[in-house]
Every structure is written in structure tokens, then in C-alpha cells.
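Q: Mind having a look at this structure? Questions to follow.
The values are calculated or read from the model by the stated rules, or taken from the named source; none is laboratory data. Note that the structure is a prediction, hence the values are computed from the model and not measured. All Cβ positions, even for glycine, are placed from backbone atoms using ideal geometry, and neighbour counts span all protein chains on display. The protein model used for the area step is the full one, side chains on, heavy atoms only, and it has no ligands, DNA or RNA in it. Shrake-Rupley method; radii C 1.70, N 1.55, O 1.52, S 1.80 Å.
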Amino acid sequence: MTSLFPSNIHVQERGWLSANQIYIHNGQNVDVIDSGFCLHSQQTIDLLRFYLNQLPELRTRHLINTHLHSDHCGGNQALQEQFQFTCYVPESEYVSVQQWSLAEKSFLALGQPCPPFSAQHALKIGHTIQIGSIDFEIHGTPGHHPHSILLFAPDIGLLISADALWEKGFGALFSEVSNHTGFTEQRATLNLIRSLPVKVVIPGHGSPFTDIQASLSAAYSRLDFLESHPQRNTHHIAQVLLQFMVMFRQKLSLQEGLDWCINTPLFILSAAQLNLSIEELFLQTLEYLENKRCLTIKNDLIELHF
Ligand SMILES: [Zn+2]
């Protein structure tokens, strides 16, 4: 099988808790896109070290975040401690990273931890950035995250889509619960992607893929469904939030689970929009995730289903 990319691009595919890393070099320097979740930061370091051992002439240069969700930038601090990197974040997040309490607030809104890191540069929408030896356009893709960007390399038709488009779907539309803008923004994001001459996509989660038409058509169908069933979308947000928490905690009591919900602003907002109490939404969501075999509940203990 011929490779989907030039040989200076390497995709480090990760599980669902950590987003994929993409390494792109220019023969001297290697740039890294996204850093995974903090729980896996040792693995993130080990994977990069393994790669660098095979290409010892390379020096680490830029660490680039598509958006500030904890599964995409949770390994930043660890990578910055172990390697030399200058960090790029989307321009509209730059100030909040400088004043970490602002960034921390947005992680806490989702009930997710993210160790503090520093950013030296901003990714400006409408500008081009050279990553490794390849020029990428920077486009804004709100919907899943208000400040998320995608990277598109027109010379090779490569789209780095983060959570704006996966092979089968896209990231949860948190902006719909927080601002009632998620459906409109995600549609604009899909329209943008449809307008680009894409040949291959590296998503934030899952394997790279080339059948962009099939992905877009599935994504539009899902968006149509969610938009016509907004309550279903809000339940989905609650499910994604709770499932992610159980994935990183792995085992916790029912009371600890409820305490997490009570302290997670987006979960509270979801319950209010569904006219449910926080406890009702917690129990309904747990039952759904148990039926989907994402977790098990035994003797007041919630455990991740392996
Ligand atoms: Zn995300």
C-alpha cells in the first residue's frame, strides 16, 4: 500500500482519552501537533523519544494545539519539561493561556484536568504556518469548541481536522449547550471543509482517511439529526462528559460521580436545559453508559468497562 502522506509526516494514533499526535519534520526540526491527555503524558513522551531516536538529526521545535481541550493539550506541560518547544495556541486562546486562571476555568467547565503550560505564539485564522517543511492554512472551526482551528496544506491536500471532522462524525457540540451556537457553527465548519480540495484527513481521533465525501455526508446527516433533536444533543453532551471522566478516573463511587456532576458547570447547564435535576441526569446518563457497556456499576462503585 502506498503511504497516504510524504515521509516527513508521522501520525501517532492514540486512544479516545488522548488525541492523536502528528509529527512533521523538515530534515532538521520536528514540529508536533497536539499532545494528548495528562494521564498519558509519559507515553506521549516515550513515543516522541522513540521517534527522535530513529531520526537523531532532528531537534524539536514547535508544539501546536488545534484547540484547548484537555485530550489535545494535556501533555503540553510534560512535553515542555522534557523537550525544547515553543508552543502555538489559537489566537483567541492566547491571552487565557497567559493568565492561566482563565484557561483553567474552561477546563473546569468540562470537569477535566489540564496541567498549566506556556504559549509563546498565536495561530491566526487566515494566516499560513509552516509546520515541518509544509505550509498550512489556518481556518477557524467553531462548533465543537469555540476557538478550535483546522490546518490545511493545499499543496498536498492534507487536512488536519482535529475534532471538527472524524471519519464517522465529529466532536460533541459543546457550544450548543453553552451558547446555543453549536449547530450553526458546525454546519459552517462542514461547509468550509467541503470547500477545500482535501485528499487525505488526519483527524484528532481515529485513523487517517481519504473518503472525505463519505465522512462529510455522514457528518451532515448526524448534524441534521441532532439539530432536529436538540434534547438528544444535550443528552449526548452529558454522556460524553461523564464517559470521559470515568475513562480517566477508571473507578469511583456513585457519590464521587454525583459530586463531579455537581461541580461541573457544563453538566449543570445540560441538566437545566433538559429540565432535570443534576442527580436525575447523572442517573439517566449512567444507565445509558452502562447499557452501552462503557461502564459497570456494582456495589455503589462505577468502573470503566474494559
Ligand atoms: Zn476537542
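Q: What share of all Cα pairs of the chain, in percent, falls into each consecutive 20 Å distance bin?
A: Pair shares across the bins are 33, 58, 8.
Q: Another question about this same structure. Mind jotting down the three principal axis lengths of the range 130-229 based on Cα atoms? Whole angstrom, largest first.
A: Taking the Cα atoms of the range 130-229, the three principal extents are 43, 26, 23 Å.
Q: Another question, then. Separation of the range 53-91 and the range 165-195 by C-alpha centroid, Å?
A: 26 Å
Q: Report the relative contact order of the range 88-155, percent, no decimals, based on alpha-carbon pairs under 8 angstrom and at least 6 residues apart. Please list the in-between numbers first.
A: Working: 88 pairs, mean separation 18.9, N = 68.
Taking the mean separation of contacting Cα pairs over the length of the range 88-155, I get 28 percent.
Q: Multiply the residue gap between LEU196 and ALA272 by 0.36 nm, knock off their C-alpha separation, and tell me the result in nm, one decimal place. Please report the intermediate quantities before stating the final value.
A: On the way: separation 76, 0.36 × 76 = 27.36 nm, distance 3.85 nm.
Difference between extended and current length: 23.5 nm.
Q: What ³J(HN,Hα) values, in whole Hz, does the Karplus curve 6.51 cos²θ - 1.76 cosθ + 1.60 give for the range 286-303 when θ = phi - 60°, with x put for Gly and Pro?
A: 4, 4, 4, 5, 5, 5, 7, 6, 8, 8, 10, 10, 9, 6, 6, 10, 9, 10
Q: Right, next: Can you give the charge dipole size of the chain about its Cα centre, rounded to the nearest 20 debye, using +1 on the beta carbon of Lys and Arg and -1 on the beta carbon of Asp and Glu? Could the numbers behind the result be given before it?
A: Details: 17 positive and 28 negative charges, 65 e Å.
Using Cβ point charges on Lys, Arg, Asp and Glu, the chain gives about 320 debye.
Q: According to the Kirkwood expression over distinct Cα-Cα pairs, how big is the hydrodynamic radius of the range 234-304, in Å? Write out the running numbers ahead of the final one.
A: Numbers: mean 1/r = 0.0852 Å⁻¹.
Across the range 234-304, the inverse of the average 1/r is 11.7 Å.
Q: Okay, moving on. Tell me the relative contact order for the range 234-304 as a rounded percent, counting alpha carbon contacts under 8 Å between residues six or more apart. Before the final figure, lay out each step's value.
A: Details: 67 pairs, mean separation 31.9, N = 71.
Worked out over the range 234-304, it gives 45 percent.
Q: Rounded to the nearest 0.05, what FRET efficiency do SER7 and PHE306 have when you use their Cβ-Cβ distance and R0 = 45 Å?
A: Values: r = 36 Å, r/R0 = 0.80.
E between SER7 and PHE306, to the nearest 0.05, is 0.80.
Q: Can you work out the accessible area per residue across the range 9-227, with the rest of the protein chains kept in place, probe 1.4 Å, in square angstrom? All intermediate terms of the calculation are to be shown ahead of the outcome.
A: On the way: 8620 Å² over 219 residues.
Dividing the accessible area of the range 9-227 by its residue count gives 39 Å².
Q: Still on this structure, I have one more. Using modelled amide H (1.01 Å from N, peptide plane; none on Pro or chain starts), what sits under 5 Å from the amide H of CYS294, excluding residues fewer than 5 places away?
A: none
Q: Next up: Apply the Karplus parameterisation 6.51 cos²θ - 1.76 cosθ + 1.60, with θ equal to phi minus 60°, to every residue of the range 62-74 and state each ³J(HN,Hα) to the nearest whole Hz, in sequence, with x for glycine and proline.
A: 10, 10, 10, 9, 5, 6, 9, 9, 5, 7, 10, 10, x
Q: May I ask you to list the aspartates and glutamates whose Cα is less than 15 Å away from that of LYS105, ignoring any residue fewer than eight positions away on the same chain?
A: The reachable aspartates and glutamates, counting only those whose Cα sits under 15 Å from LYS105, are GLU93.
Q: If the range 1-52 were replaced by its equivalent ellipsoid, with semi-axes equal to the square roots of 5 times the Cα gyration tensor eigenvalues, what would those be, largest first, whole Å? Walk me through the numbers before you get to the answer.
A: Details: eigenvalues 82, 37, 15 Å².
Ellipsoid semi-axes (Å, largest first): 20, 14, 9.
Q: If you plug each phi of the range 117-126 into the Karplus form 6.51 cos²θ - 1.76 cosθ + 1.60 with θ = phi - 60°, what whole-Hz ³J(HN,Hα) values come out, in order, with x for Gly and Pro?
A: 3J(HN,Hα) across the range 117-126, in whole Hz: 9, 10, 10, 9, 9, 10, 8, 9, 4, x.
Q: Compute the semi-axes of the equivalent ellipsoid of the range 83-166, taking the square root of 5 times each eigenvalue of the Cα gyration tensor, and list them largest first in whole Å. Don't skip to the end; give the middle numbers.
A: Details: eigenvalues 115, 50, 24 Å².
Largest first, the range 83-166 gives 24, 16, 11 Å.
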